[in-house]
1. Quote to one decimal, in nm, the extra length available between Asn129 and Glu20 on full extension: 0.36 nm per residue of separation minus the C-alpha distance between them.
2. Can you pick out the pairs among Lys27/Lys102; Lys60/Lys139; Lys60/Lys102; Lys42/Lys117 whose Cα atoms lie more than 18 Å from each other?
3. Counting each DSSP H run of 4 or more residues in the chain as -39500 (n - 2.57), what helix-only mean residue ellipticity at 222 nm follows after dividing by all residues, to the nearest 500 deg cm²/dmol?
4. Could you do me a favour and compute the accessible area per residue for the chain, 1.4 Å probe, result in Å²?
5. By DSSP, what percent of the beta bridges with both residues in the chain are antiparallel, rounded to the nearest 5?
6. If I take R0 = 41 Å and measure r between the Cβ atoms of Glu167 and Leu115 in this structure, what FRET efficiency does the formula 1/(1 + (r/R0)^6) give, to the nearest 0.05?
7. Using the Cα atoms as the points, what is the convex hull volume per residue of the chain in Å³?
8. Keeping all protein chains in position, work out how much accessible area Tyr56 exposes to a 1.4 Å probe, and write it in Å² to the nearest 10.
Amino acid sequence: MKTLFLIASFLGLATLVHAEPLKVGDKAPLVAGTTDAGTTLKFADVYGKQAYTLVYFYPKAYTGGCTAQGCSLRDSYDALTKKGVAVIGVSLDTVEAQKGFKELNHFQFPLISDLDKKVTNAFGVPNGNVAQRSAYLIKDGKIIYADYKGTTDKQAEVILQVIADLEKK
């Protein structure tokens, strides 16, 4: 019985283990994920098409903070694309949930269903039942900005300010 308890405890802890979150200067992961449309999106293809790629993680579709975060990016989508930013949202929701969430909120960018946690693990995003809110801005295949707390209704504003600060240098 004691052995069984130890094995169960170890397996429980093993599901909580994840890589350290990526840091500024790290290479962006060359992962792929399933979109809200059920197709495969290779992140490397997105990295190469735009000057910047924003990969943001959110805990759960249809919740207040996650809706505010996505709507911030939706409402500033034109300003972001003028600066060369491609946006990808990622959560552990199903493809069907992602599709409905995107349609309901009129998001112009893909949402990734990361049920197998390949994307969250590649970025080192803490996850259990949900992904921890966070965001990574990528340029030339490298992380140039990382937000480990995740902003909600100010997500686009923060990213646009980061880019403005970079342009001043």
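1. On the way: separation 109, 0.36 × 109 = 39.24 nm, distance 1.78 nm.
Result for the pair: 37.5 nm of gain on full extension.
2. Details: Lys27/Lys102 28 Å; Lys60/Lys139 27 Å; Lys60/Lys102 12 Å; Lys42/Lys117 15 Å.
Pairs exceeding the cut-off: Lys27/Lys102; Lys60/Lys139.
3. Details: 7 runs with 69 residues, N = 169.
After summing the helix terms and dividing by the residues of the chain, the value is -12000 deg cm²/dmol.
4. Details: 8970 Å² over 169 residues.
For the chain, the solvent-accessible area averages 53 Å² per residue.
5. On the way: 17 of 26 bridges.
Of the beta bridges lying entirely in the chain, close to 65 percent run antiparallel.
6. Details: r = 38 Å, r/R0 = 0.92.
Calculated value: 0.65.
7. Values: hull volume 20.0 nm³, N = 169.
About 118 Å³ per residue, rounded to a whole number.
8. Near enough 0 Å² of accessible area.
The values are calculated or read from the model by the stated rules, or taken from the named source; none is laboratory data. Note that the structure is predicted; figures quoted are calculated from it, not measured. No Cβ is skipped: glycine too gets one built from the backbone with ideal geometry, and neighbour counts run over all protein chains shown. These area figures cover heavy atoms from the full protein model, side chains too; ligands, DNA and RNA do not enter into them. Shrake-Rupley method; radii C 1.70, N 1.55, O 1.52, S 1.80 Å.
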